[in-house]
Structure formats: structure tokens, C-alpha cells
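The values are calculated or read from the model by the stated rules, or taken from the named source; none is laboratory data. Just so it is clear, the model here is predicted, and its values are computed rather than measured. Here the Cβ positions follow ideal geometry from the backbone for every residue, glycine too, while neighbour counts run over all protein chains shown.
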Amino acid sequence: MSNTESASDPNAILVAPSLLAADFGRLDEELASIEAAGADWVHLDVMDGHFVPNLSFGAPVIKALRPRTKLVFDVHLMIAPVDPFLDMFAEAGAEHIHLHVEAGPNTHRSLQAVRALGIKPGIAINPATPAEMIAPVLDLVDMILVMTVNPGFGGQKFLRSQLNKIRTLRRMADETGRPIRIGVDGGIDPETAGLCTEAGADVLVAGTSVFGLPDRAAAIRSLRGGAVAA
Ligand SMILES: O=C(CO)[C@@H](O)[C@H](O)COP(=O)(O)O
């Protein structure tokens, strides 16, 4: 199945390689490699050194990359506050924006602002935050991003403690009667992909297990294979 075919199938498991694990000196080539390898989206991690203890890249880099690929830009904002920067990421070409439920007191307003910009809103949730925290905003989102590591760094170990949360969120999302995708982010490899999809996730965000391997097509196939086998 090609990237665009799988992305338009609501039941497909989608793979979104995280550019954080790419070679930042060759972003063009890295993007081209995952597009050719069958990635569905590219996941773009924006870090501010305040909400998370690390810095990555911001809207100018995303804007520069936008014309270089047809992949959907799945932007994960690990920043606080978010509201003053939403216009900037819209203008840069974000198609999805995930903001964190922990990032500020106005999550409901921020998600409405994302939708008003014509962007699909997602709500991201940290490992220590209970699933119930996002119940009041589920009617506003198209996606939930479950952090399966503490945000801020690639290459961390998957937290199995998040599997029950994924199950709970799958049930809550299904109860809305709307199609809401559940992404998992952090420590995703073919084995943990299977655990997550079995629990109800349908988007696999993976940095190290895609960009860490020379054959990106094989890496993406293995992730899908792990997911299907669950
Ligand atoms: O948002 C984050 C980290 O904060 C993730 O997107 C990581 O970039 C995933 O990296 P791996 O755990 O797959 O290496």
C-alpha cells in the first residue's frame, strides 16, 4: 500500500517517522528517504527548552522543508505557551498540530484556535497525566498523542505503564462516535508497536527505529508487520 492509500483508509495503521532522529545536516535527503520508503506522515517535534528540557527546531525549519515533500506534516508542539505561535506554524505548513494538555490553562481555547486555522487538532498527553484529563476536550480533537516516554528526547525506553492508558483512551475515543486516531510516541519498535496497536493505537511515531536503520523501507515494513501481528 502506498503512503497516500494507507493514510486515506480510516482503519489503516499509519507510520509517522520522527524527524528528530534524522541527520539534521541532510534533512532533504532524510525526508525523501522516508517518503520513498512508504511513510504516511512525517512527525516534527518542536521543543522550547522550557516545557521540555531540550531544544529542537521551530517554524522556520518546518517552512523551509514544506516544499521538499508531499508527506503530511504532523507537528508536535512541546512548547508553553502555545497560543502566540499557532499562526506561525499554520503559515509554515503544519497539517496537524498536537499540543499538550499539560502546556497551559487554556487547552480548550487553543484547540479551537488550531481548528479555526484549518489544521487538524491533536491533544498530547504525558506519561504521568491520567487519561481523564483530556475527556473535556475530546470533542475538539481528531487525534490523541500518547507519550510512551517522557517528552524531550529520542532514543528512550518505551514505558509499558502507558498501555492501560491507551486502552482507556481508545474506549473514550470510540464513545464519542467520531473517528479519533490514537498515536503513540517514544520507544516504538516492531515489538512495542504490536503492544500499542493491540491496546488500540493506530498511529506509530518512530524516530530511532526508522532513522537509525539504513534501510528505511525495511524499518517501516517491520513496524507495520509488528502492528499487524498483534
Ligand atoms: O516527541 C518525542 C520525544 O519527545 C518523540 O517523537 C521522539 O522523537 C521519538 O523518538 P524515538 O523514541 O522513536 O527514538
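Just give me the residues in region 126-147 being surrounded by 15 or more Cβ atoms within 10 Å (Cβ to Cβ) and of a type in the set (A, V, I, L, M, F, W, C), in sequence order. Walk me through it before giving the result.
Our first condition is that a residue be surrounded by 15 or more Cβ atoms within 10 Å (Cβ to Cβ); within region 126-147, this holds for 126-127, 129, 131, 134, 137-138, 140-147.
Matches in region 126-147: A131, I134, V137, L138, L140, V141, M143, I144, L145, V146, M147.
As a summary of the residue check, I220 satisfies the conditions (1) in contact with a Leu (Cβ under 7 Å, 6 or more places away or on another chain); (2) within 14 Å of the ligand (Cβ to nearest atom) except for the one numbered (1).
Step by step: first the residues of region 141-161, then only those that are touching a strand residue (DSSP E or B) at 6+ places or on another chain (Cβ under 6 Å) and more than 21 Å from D9 (Cβ to Cβ), then the one that is farthest from the ligand (Cβ to nearest atom). Which residue is that?
At the first step, the residues of region 141-161 found to be touching a strand residue (DSSP E or B) at 6+ places or on another chain (Cβ under 6 Å) are 141-148, 151.
Still in the running and more than 21 Å from D9 (Cβ to Cβ): 146-148, 151.
Values: V146: 11, M147: 7, T148: 8, P151: 4 Å.
Top of the filtered list is V146.
For the residues D185, D189, D202, D215, the requirement of being modelled with pLDDT of 95 or more, closer than 22 Å to N11 by Cα and more than 15 Å from the ligand (Cβ to nearest atom) singles out D202. Condition check for V210 on (1) in a loop (DSSP other than H, G, I, E, B); (2) within 22 Å of G152 (Cα to Cα); (3) in contact with a Pro (Cβ under 7 Å, 6 or more places away or on another chain): one failure, at (1). A single member of R115, R26, R68 is over 24 Å from V210 (Cβ atoms) and among the basic types (K, R), and it is R115.
Considering R181, R171, the condition of being of a type in the set (K, R) and under 29 Å from H50 (Cβ atoms) is satisfied by R181 alone.
This table checks each residue for (1) hydrophobic (A, V, I, L, M, F, W, C); (2) surrounded by fewer than 18 Cβ atoms within 10 Å (Cβ to Cβ); (3) more than 18 Å from A21 (Cα to Cα); (4) over 17 Å from the mean Cα position of the chain (by Cα).
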{"position": "M47", "(1), (2), (3), (4)": "yes, no, no, no"}
{"position": "V52", "(1), (2), (3), (4)": "yes, no, no, no"}
{"position": "F57", "(1), (2), (3), (4)": "yes, yes, no, no"}
{"position": "I62", "(1), (2), (3), (4)": "yes, no, no, no"}
{"position": "L65", "(1), (2), (3), (4)": "yes, no, no, yes"}
{"position": "T69", "(1), (2), (3), (4)": "no, yes, no, yes"}
{"position": "D74", "(1), (2), (3), (4)": "no, no, no, no"}
{"position": "P81", "(1), (2), (3), (4)": "no, yes, yes, yes"}
